[in-house]
1. Quick check on Arg50: is it in the same structural domain as Ile67 (by TED's automatic domain parsing) and either surrounded by fewer than 14 Cβ atoms within 10 Å (Cβ to Cβ) or touching a residue at least 60 places away in the same chain (Cβ under 8 Å) (or both)?
2. Among the residues of the stretch 254-271, count how many are more than 24 Å from the chain's Cα centre (by Cα) and free of Cβ contacts under 8 Å to residues at least 24 places away in the same chain.
3. Taking into account only those residues within the stretch 104-139 that are aliphatic (A, V, I, L, M) and touching a helix residue (DSSP H, G or I) at 6+ places or on another chain (Cβ under 6 Å), which is farthest from Lys298 (Cα to Cα)?
4. What tally of residues in the stretch 247-297 results from selecting those that are under 17 Å from Ala149 (Cα atoms) and acidic (Asp, Glu)?
5. Scanning for something surrounded by 15 or more Cβ atoms within 10 Å (Cβ to Cβ), in contact with a helix residue (DSSP H, G or I) (Cβ under 6 Å, 6 or more places away or on another chain), modelled with pLDDT under 90 and part of a loop (DSSP other than H, G, I, E, B), does the stretch 239-258 turn up at least one residue?
6. Give the stretch 56-71 a look and list any residue that's assigned to a loop (DSSP other than H, G, I, E, B) and surrounded by 19 or more Cβ atoms within 10 Å (Cβ to Cβ), or say none.
7. Does Ser64 satisfy the condition of being under 30 Å from Pro14 (Cβ atoms) and among the hydroxyl-bearing types (Ser, Thr, Tyr)?
Amino acid sequence: MARDRIKDSLRKLPGVDRMLEVSAGKKFIDEHGKPAATSALRRAIDIVRRRIMDEDDLFLYADSATIEVAIFNMAASCLHPRLAPLINATGVVIHTNLGRAPLAAEAIEAMNSVTPAYSNLEYDIEKGERGSRQSLVDELIVELIGSEAAMVVNNNAGAVFLALIALARDREVIVSRGELVEIGGSFRVPDVMAASGAIMVEVGTTNKTRADDYAAAVGDKTAALLKVHRSNFYIRGFTQEAKVEQLAATASEKNLHLIVDLGSGCLVDTAKWGLPHEPTPQETLGQGAHIVSFSGDKLLGGPQAGIIAGRRDVIETLKKHPVHRALRVDKGTLAALEATLRLYIAGRAEESVPVLKMISLDSAELKRRARSLAKSLGKKLEKAGAAGFRLQVVECTGKVGGGALADADLPSWAVAVDHPDIKPEEIFDAMLHESTPVVGRIQDDLLLLDVRTLWNVDTQSLCKTVASAIKSLIEKHSAT
């Protein structure tokens, strides 16, 4: 029976040539050109064919007209830009999979001003000759954190890689076993060290490493001590780690470099928001680190970048290394980073940088927003005829995310959406397939829309999108 149904549905699939001849197809050609339209329609037909073969009820019981409309919609989506905006309702502020830190308006304006035109990226206007792109933001970083010098590369992994290859290639670098972290995409500190040509020397144990362990491991081939901030996980209980001050004393005594990888990089005191204190670059340098590296797109709240700051002689060594050129950032990144840094210098970061704004939202404000969203969404669902769907305003817990403050929860509020006969996973999936996808999270068998990360989302547009997703679910279930 199922086989007959599949055969019958496959017969309804139109050919590409016929689809191009109908009025919708001709319009498609006008919009995208015949080669692109043909290719996209062919791909869409193949997708529908596979879904019919997989017995997807949405197509298995559809008539020819419905299938044709679906193919045109799929083909259009194939021609849309792959990288597109979406709505983050997960409650994770710095969501690595969703692009990490959203940029401040000032950073976006700076990018829009610089990227469409020529610029003084490597041109000294005062001297009328070639300049250095590094000079555009170095002074701002120095001013903010009080270091002797600074530089910017493409990301923090690149920053650590450059430091290791420039300062310790073919020599030993001592690091605690408890700090051999793995960051996103199975990218591990030992792998970065191996690629740089540095020889890793592990000391201590997973939970306990003392300053004496580093000192005892120093030999003739040792070039540096590396301390890695465990920003994306935490160890509790019977633990101990060497302090930066202690390692600085050892590095000074043994004539070694002290490199500190802070990872997320925060320039403000997170304790003011009831979170654990995150070590800052300025504190770490003050404790004796020779150089410190951190990300631009995490707690700093700027574009993807790796920032290195510290002693002038060490920074100059890194700048002169040939690998530095392979890790450079472009004019758009520099423009956005400069604008973000200027917000900090002006004392406006907490009111203007989205990451800091979201982290600092208090419970009362979040609850108010959740209630407002639930009220608006309820009206939209009623108009959409979404009988059986229920909305609740619930307390929940989010995260800072992005490998920052891993042991800290962010108490929040959310609108919970559920239905007695429809699984939350189905609601989640339906929202992902809207023109502007909405990414929520499932918790306690409920689909949650955490309002903390809906910082710049128009409520009416969000409600319209969610209602559209739920309406498509209703139609799907009615068809079966």
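The values are calculated or read from the model by the stated rules, or taken from the named source; none is laboratory data. On a predicted model such as this, the values are computed, not experimentally measured, just so you know. Cβ: placed from backbone, ideal geometry, glycine included. Neighbour counts: every protein chain shown.
1. Judged against the criteria, Arg50 is a match.
2. Step one: filter the stretch 254-271 for residues more than 24 Å from the chain's Cα centre (by Cα), giving 254-259.
Those left that are additionally free of Cβ contacts under 8 Å to residues at least 24 places away in the same chain: 255.
Matching residues across the stretch 254-271 total 1.
3. That would be Leu121.
4. Residues meeting the conditions: 2.
5. Yes; the residues of the stretch 239-258 include at least one that is surrounded by 15 or more Cβ atoms within 10 Å (Cβ to Cβ), in contact with a helix residue (DSSP H, G or I) (Cβ under 6 Å, 6 or more places away or on another chain), modelled with pLDDT under 90 and part of a loop (DSSP other than H, G, I, E, B).
6. Taking the stretch 56-71 as the starting set, the residues that turn out to be assigned to a loop (DSSP other than H, G, I, E, B) are 56, 61-63.
Once the filter is applied, which keeps residues that are assigned to a loop (DSSP other than H, G, I, E, B) and surrounded by 19 or more Cβ atoms within 10 Å (Cβ to Cβ), the stretch 56-71 yields only Ala62.
7. yes
For every residue, the table says whether it meets (1) surrounded by fewer than 17 Cβ atoms within 10 Å (Cβ to Cβ); (2) part of a strand (DSSP E or B); (3) modelled with pLDDT under 90; (4) among the polar types (S, T, N, Q).
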position	(1), (2), (3), (4)
Glu425	yes, no, no, no
Ser435	yes, no, yes, yes
Gln460	yes, no, no, yes
Cys463	no, no, no, no
Ala467	no, no, no, no
